[in-house]
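Right, one structure below, let's go through it.
The values are calculated or read from the model by the stated rules, or taken from the named source; none is laboratory data. Please read all numbers here as calculations on a predicted model, not as lab measurements. Reconstructed Cβ throughout: ideal geometry from the backbone, glycine too, with neighbour counts over all protein chains shown. Note: accessible area is taken over every heavy atom of the protein model, side chains too, but ligands, DNA and RNA are not part of it. Shrake-Rupley method; radii C 1.70, N 1.55, O 1.52, S 1.80 Å.
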Amino acid sequence: MKSDRAIPLLLFGIVMTTLPCTGAFADHPIEVQRKTAAGEYFDALVSFERIPSKRRTVDSQIAAAKSAWALGLSSRASADFESLVRNTKLAPVDEARIQLSRGIIEYQEKRFQVAALFSEKVVRLLKDESPLRSRAWMLWGKSLVELGAHGAAQEKFQNALLGAEGTALPEVYFHLGKAQLKLGILDEAKASFEMIPLGYERTPEAIRSLAQIAHEQHESKAVLFWLEKGRTDYPDAFLDSWVDYAMLGAAADLDDVERMREIRKEAREKYPPSDIWLTLLEAAAERSEWDHQFAVKGGE
């Protein structure tokens, strides 16, 4: 059975073999750009194929390649971008945009080493920091993360901060924080995650990371603060049993016995007995109960 995507692509091949490419039927290059911008990718490619080769502009070729990419024709998109770079005299910024698109395609295809190479090309093409250069630094860093090179990735994410604007900035801080967390530099990771504003799509992940850092640094009040905030503001992202385990541990460290017992009771009602974090939570609770009773008896 053909996939949903295979049907329109097959149809596209049939259309391309039957469409006449005479001047009477030719579209204007700007139509390709307009249709691509509007998300009408199939129609954009049809329009592009109706344009005689001599009338195709650089912008229409870029738009056609982007439409092919959006339709899942990654090989065609890469070939079209490659042809543009090889056969057209481009301004550095235009070539940088094309090379970045090629890098993103390689990243999506999980060819991370190649994606890193294209990112490096973009960085070298652009001498001044800019949002476009920042995106290249970001792609380079993300590729290095996939290759396990977190130290080198951290450097690329730090460079990406220089030209990032708007919603791109918290995205850079998020990936920077993740790399720093992997490297075990917790104070730096904490500072990066704290730069992510509320309401951002990755805010729940950032809050969880801040709770994990506080847990590792034995900052019990901070653990409770971040996990309570997560459960209040983003309840769907904090449903798992690790949250209860970390909160119980923090309550125990603060000698808040009533809070600890409340967390334990609620956890028993929520999770199956086979849950590993529930098992660890129960063990931690038992140990804390014994410690508490021993302290009480010792003070009598």
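Based on the Cβ-Cβ distance of residue 152 and residue 218, what FRET efficiency does E = 1/(1 + (r/R0)^6) give at R0 = 25 Å, to the nearest 0.05? The calculated FRET efficiency here is 0.25. Distance between the 7 Å Cα→Cβ label points at residue 54 and residue 262: 8.1 nm.
Expressed as a whole percentage, what fraction of the accessible surface of the chain belongs to carbon and sulfur atoms when a 1.4 Å probe is rolled over the protein heavy atoms? Taking all protein chains in place, the chain shows 54 percent carbon and sulfur surface. Normalised by 2.2 N^0.38 Å, where N is the number of residues, the alpha-carbon radius of gyration of region 108-196 equals 1.02. Within straight-line reach of residue 270, meaning a Cα separation under 27 Å, sit the following lysines at least 8 residues removed in sequence or on another chain: 221, 229. Applying both filters, DSSP loop and at most 16 other Cβ atoms within 10 Å, to the trypsin sites (Lys or Arg not before Pro) of region 84-164 gives 89, 110, 111, 127.
Both numbers refer to the Cα atoms of region 49-199; Rg and Dmax are 17.0, 59 Å.
Evaluated over the Cα positions of region 224-265, the convex hull gives a direction-averaged projected area, one quarter of its surface, of 2.7 nm². The gain in end-to-end length when the residue 83 to residue 236 segment is fully stretched comes to 50.4 nm, 0.36 nm per residue minus the alpha carbon separation.
Of 116, 206, 149, the residue with the greatest mean-square motion in the GNM of the chain, using alpha carbon springs below 10 Å, is 149. Solvent-accessible surface of the chain, averaged per residue with a 1.4 angstrom probe and all protein chains in place: 55 square angstrom.
Each Lys and Arg Cβ is given +1 and each Asp and Glu Cβ -1; about its Cα centre, region 157-300 then shows a dipole of about 140 debye.
Put the Cα centre of region 212-256 next to the Cα centre of region 113-186 and the gap is 30 Å.
Multiplying the residue separation of residue 113 and residue 30 by 0.36 nm and subtracting their alpha-carbon distance yields 26.4 nm. Springs join every pair of Cα atoms under 10 Å in this Gaussian network model of the chain, and among 204, 235, 170 the largest mean-square fluctuation is at 235.
Given 110/182; 89/142; 142/190, which pairs have Cα atoms separated by over 24 Å? Too far apart for the 24 Å limit: 89/142.
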